[in-house]
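Bear in mind that the values in this text are calculations on the coordinates, not laboratory data. The shown structure was predicted, so the numbers you read here are calculated from the model rather than taken from an experiment. Every residue, glycine among them, receives a Cβ derived from its backbone with ideal geometry; neighbour counts consider all protein chains shown.
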Amino acid sequence: MIRDKCLYFKRGYKYQVSRDYRIKLAVIPFEPICLPFVLMDTAGDTIIKAGYAWNGASGPTVDTRNTMTGSLVHDLLYQLIRLGLIDPKYKAYADRMLKEICIEDGMNRIRAACWLWAVKTFGGASCKPDAEPKEEVAP
């Protein structure tokens, strides 16, 4: 058998986009973003490509269909902040987008307001570079 000796991986992801997802965001990156699973131009036109992985909602909550897109966009924006590709000032925008998208997708406004409070209160650490999942190796 011929194979690579090591497998490189990252923990912490529950979901994976299966078809490209497009969204126009009010975000101006420092320069156009061209990552393996994300494209964003300087006008905020964004493509989250098939294969992008995210972890859904964090904390004491349940992922439901009306949370999936909001959590995807929110997680992406936090990741772009962690990677230094967009200004940290966009954390507040990411938090608002989570609420707005979830409501648009059918979430109860009270639940959405609770989610907004939670990410505003506890989400700051998730925007720091050291929160980015680290590459691991097996064996």
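Per residue, the average separation of C-alpha pairs within less than 8 Å and at least 6 apart gives the range 41-139 a relative contact order of 27 percent. Along the chain, the exposed loop sites are trypsin sites (Lys or Arg not before Pro) outside DSSP states H, G, I, E and B with at most 13 other Cβ atoms within 10 Å, and the longest stretch free of them is 20-88. Counting beta carbons within 10 Å around each of Asp41, Asp130 and listing the fewest first gives the order Asp130, Asp41. Applying the criteria of a DSSP loop state and at most 13 other Cβ atoms within 10 Å to the GluC sites (Glu not before Pro) of the range 55-139 yields Glu135. The range 1-64 and the range 77-105 have Cα centres lying 13 Å from one another. In plain terms, the residue of Met107, Met1 with the fewest other Cβ atoms within 10 Å comes first and the most crowded comes last, giving Met1, Met107.
Relative to the longest principal Cα axis of the chain, at what angle does helix 65-82 sit, 0 to 90 degrees, rounded to 10? Once rounded, the angle reads 70 degrees. Using the Cβ-Cβ distance between Asp63 and Asp4 with R0 set to 41 Å, the FRET efficiency works out to roughly 0.80.
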